[in-house]
Amino acid sequence: MIEVVNEQAEMVREQTEPRRGRLLEGKTALVTGASRGIGRGIAEAFAREGASVAINYCGSEDKAMETKALVESFGVRAMVCRCDVGDFAQTEQMMKDVIREFGRLDILVNNAGITRDNLILRMKEEEYDQVLDTNLKGSFLTIRHGARQMVKQRAGRIINISSVSGLLGNGGQSNYSASKAGIIGLTKAVARELAGRGITVNAIAPGYISTEMTSVLPQKAQEALLGQIPLGRAGEPEDVAQAAVFLASDMAAYITGQVLSVDGGMYM
Ligand code: NAP
């Protein structure tokens with residue numbers, strides 16, 4: 001009975017809702033770190049809006065293949081690219097592969113990121129270097145290799161995933177906060193450089209989002225974070241993905257060099 005009512009409601013909605021085209025129809029996107037979490041959410045949302053998606057990952061091949069199947073279920077093209085975004089040569093090769101496969105690059109999302117938390121007095125050099133290499137240098141490298149194609153096209157959208165930690169700073173995360181604040185500086189500088197070529201460059205600063213990255217935090221830390229969120233809940237990858245769809249779409253054509261917080265009000 002409930003199923004019949006739901007079906008009828010769905011039919012009425014389909015007949016009465018104004019039809020809109022898919023926001024990213026025919027576009028091509030590369031999303032780094034798309035094997036799971038926020039990156040997978042963005043890949044799925046882009047595909048739902050009609051974009052073909054290149055799914056980058058570093059270690060989790062099975063998960064990346066799951067994202068590929070998810071993307072293809074929306075009737076768009078998908079490809080999977082294994083690459084450590086912190087490596088100059090690998091990132092250059094990935095970009096060549098994507099452009100060879102898709103013919104163009106309309107949207108680049110720098111989402112790949114890691115944490116190696118420690119207090120400043122105990123932080124090891126390699127903990128600092130690993131986080132900066134993946135989060136900040138990785139974003140620089142994909143832009144360095146991908147922007148050339150966008151300049152040729154005289155169009156493109158670059159979206160860098162920063163963090164509330166880059167805006168507020170977070171104890172125990174000096175490496176991560178530095179990388180995420182660096183991403184904001186990178187975003188603004190590149191936005192100024194590329195604006196004349198029809199390319200927008202923006203950042204999204206998520207707050208506390210339910211993914212594998214945050215599931216490893218101690219229960220007490222998770223509760224403390226929840227207590228700092230005016231909207232009273234953790235975010236979901238979909239919350240961030242919707243902001244990415246907006247910034248990638250024509251609706252955001254006049255927005256560049258901005259940081260959009262998606263954090264339930266943590267930073268205001
Ligand atoms: P996650 O679940 O840990 O996923 C991280 C993704 O990055 C995975 O797909 C991973 O792929 C990929 N990755 C890691 N190192 C890589 C490398 N060297 N090269 C290429 N890919 C690499 O994390 P998440 O929570 O979805 O976070 C995604 C982004 O949002 C990160 O930049 C993170 O800093 C940012 N963010 C997250 C939160 C949050 O609360 N979750 C808040 C603010 C900002 P493999 O497993 O294949 O290596």
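Considering the conditions (1) open to solvent by 60 Å² or more (accessible area, probe 1.4 Å); (2) more than 9 Å from the ligand (Cβ to nearest atom); (3) closer than 24 Å to residue 60 by Cα, residue 241 is excluded by exactly one of them, (1). State all residues of segment 180-194 that are within 15 Å of the ligand (Cβ to nearest atom) and either within 14 Å of the chain's Cα centre (by Cα) or open to solvent by less than 40 Å² (accessible area, probe 1.4 Å) (or both); if no residue qualifies, say none. The answer is 180, 182, 183, 184, 186, 187. Scanning segment 94-116 for residues that are open to solvent by 60 Å² or more (accessible area, probe 1.4 Å), more than 13 Å from the ligand (Cβ to nearest atom) and of a type outside the set (Asp, Glu) yields 96, 100, 104.
All of 49, 44, 72 fail the test of being touching a Lys or Arg at 6+ places or on another chain (Cβ under 9 Å) and either on the phi > 0 side of the Ramachandran plot or charged (D, E, K, R) (or both), apart from 49.
Specify the residue that is most open to solvent (accessible area, probe 1.4 Å); the eligible residues are those in segment 117-145 that are more than 21 Å from residue 201 (Cβ to Cβ) and basic (Lys, Arg). Out of the qualifying residues, it is 122.
Yes/no matrix, rows are residues, columns are (1) more than 7 Å from the ligand (Cβ to nearest atom); (2) open to solvent by 50 Å² or more (accessible area, probe 1.4 Å):
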| residue | (1), (2) |
| --- | --- |
| 196 | yes, yes |
| 206 | no, no |
| 212 | no, yes |
| 219 | yes, yes |
| 230 | yes, yes |
| 236 | yes, yes |
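For segment 152-172, a residue qualifies if it is buried (at least 17 other Cβ atoms within 10 Å of the Cβ) and in contact (Cβ under 8 Å) with a residue 40 or more places away in the chain, and the qualifying residues are 156, 157, 158, 159, 160, 161, 162, 163, 164, 167. Listed conditions (1) near the ligand (Cβ under 10 Å from one of its atoms); (2) assigned to a loop (DSSP other than H, G, I, E, B) are all met by residue 121, apart from (1). The residue that is nearest to the ligand (Cβ to nearest atom), among those in segment 244-254 that are open to solvent by 50 Å² or more (accessible area, probe 1.4 Å) and hydrophobic (A, V, I, L, M, F, W, C), is 246. Farther than 15 Å from residue 257 by Cβ and open to solvent by less than 40 Å² (accessible area, probe 1.4 Å): does that describe residue 175? For residue 175, the condition - farther than 15 Å from residue 257 by Cβ and open to solvent by less than 40 Å² (accessible area, probe 1.4 Å) - is met. No other residue among 219, 242 is touching a helix residue (DSSP H, G or I) at 6+ places or on another chain (Cβ under 7 Å) and more than 22 Å from residue 134 (Cα to Cα) apart from 242.
The values are calculated or read from the model by the stated rules, or taken from the named source; none is laboratory data. Just so we're clear, the structure is a prediction, and the values are computed from it rather than from any experiment. Glycine gets a Cβ as well: all are built from the backbone with ideal geometry, and neighbour counts include every protein chain shown. These area figures cover heavy atoms from the full protein model, side chains too; ligands, DNA and RNA do not enter into them. Shrake-Rupley method; radii C 1.70, N 1.55, O 1.52, S 1.80 Å.
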